[in-house]
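One structure is given below, encoded as structure tokens.
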Amino acid sequence: MQLPVNAKTQKPYQGGNIIALLESGYENQIWATYRQWKELGYQVQKGEKGTHLKKIVTVEKKKKNGDKVKKNVPRGFCVFNIDQVAEMETIEAK
């Protein structure tokens, strides 16, 4: 069984995101965000629905007294499988 990997960074997904991607039903486990696919020369096909994932990011906030506090917060993002995209050249040729 192939574990989910990001198409642009080649890094494997981690934590609960692995389960979400494996349960999505796609055989090929290559994923990327909409913007990443576009940077790679692909276009997400019209009507395709992404898979929602979460990551933890560290944000820095200022308190009223001027102190800075770092906090870990969850952020959502959406990825699309390689089966949901087509090369830009193919789309332009139609």
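For the condition open to solvent by 40 Å² or more (accessible area, probe 1.4 Å) and modelled with pLDDT of 95 or more, what is the one hit in Lys94, Lys62, Lys70, Lys11? Steps first, please.
On the way: Lys94 fails: modelled with pLDDT of 95 or more; Lys62 fails: modelled with pLDDT of 95 or more; Lys70 fails: modelled with pLDDT of 95 or more.
It is Lys11.
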Out of curiosity, is Ala86 in contact with a helix residue (DSSP H, G or I) (Cβ under 7 Å, 6 or more places away or on another chain) and hydrophobic (A, V, I, L, M, F, W, C)? no
Which of the residues belonging to segment 11-55 are touching a Cys at 6+ places or on another chain (Cβ under 8 Å) and in contact (Cβ under 8 Å) with a residue 40 or more places away in the chain? Thr33, Tyr34, Leu53
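Going by what's in this entry, would Gly76 be described as over 22 Å from Gln2 (Cα atoms), open to solvent by less than 40 Å² (accessible area, probe 1.4 Å) and modelled with pLDDT of 95 or more? Full working, then the answer.
Numbers: over 22 Å from Gln2 (Cα atoms): yes; open to solvent by less than 40 Å² (accessible area, probe 1.4 Å): no; modelled with pLDDT of 95 or more: yes.
Considered against the rule, which asks whether it is over 22 Å from Gln2 (Cα atoms), open to solvent by less than 40 Å² (accessible area, probe 1.4 Å) and modelled with pLDDT of 95 or more, Gly76 comes out as no.
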Could you grab the pairs with beta carbons closer than 8 Å, sequence gap of 6+ or different chains, first residue in segment 68-84 and closer than 18 Å to Leu53 by Cα, second one open to solvent by less than 40 Å² (accessible area, probe 1.4 Å) and part of a helix (DSSP H, G or I)? Val79/Leu21; Phe80/Trp37
Flagged in segment 19-40 as β-branched (Val, Ile, Thr), farther than 11 Å from Asn81 by Cβ and open to solvent by 40 Å² or more (accessible area, probe 1.4 Å), in numbering order, are Ile19
Do you know which residues across segment 41-59 are in contact with a Phe, Trp or Tyr (Cβ under 9 Å, 6 or more places away or on another chain), under 24 Å from Glu89 (Cβ atoms) and open to solvent by less than 60 Å² (accessible area, probe 1.4 Å)? Gln43, Val44, Gly50
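The values are calculated or read from the model by the stated rules, or taken from the named source; none is laboratory data. Keep in mind that this is a model prediction, so the values were computed, not measured. Ideal geometry is used to build each Cβ from the backbone, glycine not excepted, and the neighbour counts take in all protein chains shown. Only protein heavy atoms, including side chains, enter the accessible area calculation; ligands, DNA and RNA are left aside. Shrake-Rupley method; radii C 1.70, N 1.55, O 1.52, S 1.80 Å.
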